[in-house]
1. Can you find, within the stretch 56-79, the residue that is farthest from the chain's Cα centre (by Cα) among those that are within 21 Å of residue 118 (Cβ to Cβ) and β-branched (Val, Ile, Thr)?
2. Within the set of pairs 6 or more residues apart or between chains, which connect a residue that is of a type in the set (Phe, Trp, Tyr) inside the stretch 170-185 to a residue that is open to solvent by 30 Å² or more (accessible area, probe 1.4 Å) with Cβ atoms less than 8 Å apart?
3. Could we say that residue 152 is at positive phi, at pLDDT below 65 and open to solvent by 20 Å² or more (accessible area, probe 1.4 Å) here?
4. Find the residue count for the stretch 1-21, including only residues that are under 22 Å from the mean Cα position of the chain (by Cα), over 13 Å from residue 54 (Cβ atoms) and aliphatic (A, V, I, L, M).
5. Looking only at the stretch 15-28, which residues are touching a residue at least 12 places away in the same chain (Cβ under 8 Å) and exposed (fewer than 15 other Cβ atoms within 10 Å of the Cβ)?
6. Are there helices (runs of 4 or more DSSP H) fully within the stretch 1-100 with at least 2 residues that are under 30 Å from residue 204 (Cβ atoms), at pLDDT below 90 and not hydroxyl-bearing (Ser, Thr, Tyr)? List them.
7. Taking the stated definitions as given, is residue 161 open to solvent by less than 10 Å² (accessible area, probe 1.4 Å) and among the acidic types (Asp, Glu)?
8. Name the residue, out of 32, 72, that is out of contact with any Cys (no Cβ under 7 Å at 6 or more places or on another chain) and surrounded by 15 or more Cβ atoms within 10 Å (Cβ to Cβ).
Amino acid sequence: MDKPTILVVEDEPAIADTIQYALESEGFRCLRLETGSEAVEVLDLQPVALVVLDIGLPDVSGVEVCRRIRQRHDVPVIFLTARGGEVDRVVGLELGADDYVTKPFSPRELAARAKAVLRRALPGNPGERAPRPPAGSAFALDEERRQITYCGRPLELSRYEYKLLAVLLKRPGRVYSRDELLELVWDSPEASLDRTVDAHVKNLRAKLRDVRPDADPIATHRGMGYSLKEGS
């Protein structure tokens, strides 16, 4: 079986060397770039299983690179940054990043996170499977294709957006706290923030409004969490 290819976009050679060694030791193949402008072009030309993307690139911000990737590809993205502030984390996650690692980091930790993200991305991933929404629902869930349709239109969702919505679809009306959603959806819930959930719900709502502007099927329960409205 071919080794999964991970695209590493990092301009500091010493850090890129460390990342490459850690990932190749775990059985991955690494493709390295030093600038963000090349990343989308490479993704257009060859299949890549995961992108490890530095935010502080010399030519284009990693945030902007992620934005461009998300316009054309559904490949998982792990951000690397020297900044660990909450705002930076939330901005990255709002763009659809699948995980976030702050420098300095343990190469072993990064390799473990890469494996966890890829496990989540594989079709047929074992674990709790959300049942199909009830008859008459505006939603349709295709677990094998990891696709959710709303009002007959397929939604273009990041991996965490898909998993978050699938959890809510499982039990309409059931209120999930932010901590519960972090545990059920995210690879490293202990390293994530409550606002991570809020950011992804905000993105989901925007995508659902694009399909049906007059509806808001996700209910906010102030101080408690979120649910899918019954009958949605």
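The values are calculated or read from the model by the stated rules, or taken from the named source; none is laboratory data. For clarity, every value in this text was computed on a predicted model and none was experimentally measured. Cβ coordinates were reconstructed from backbone atoms using ideal geometry, including for glycine residues, and neighbour counts include every protein chain displayed. When the accessible area is computed, the model is the full protein with side chains, heavy atoms only, and any ligands, DNA or RNA have been set aside. Shrake-Rupley method; radii C 1.70, N 1.55, O 1.52, S 1.80 Å.
1. Per the criteria, the residue is 65.
2. If the second residue must be open to solvent by 30 Å² or more (accessible area, probe 1.4 Å), the pairs left are 176/184.
3. Judged against the criteria, residue 152 is not a match.
4. Qualifying residue count for the region: 1.
5. 21, 25, 27
6. It comes to 39-45, 62-72, 86-94.
7. Criteria met by residue 161.
8. Selected residue: 32, the only one of 32, 72 that is out of contact with any Cys (no Cβ under 7 Å at 6 or more places or on another chain) and surrounded by 15 or more Cβ atoms within 10 Å (Cβ to Cβ).
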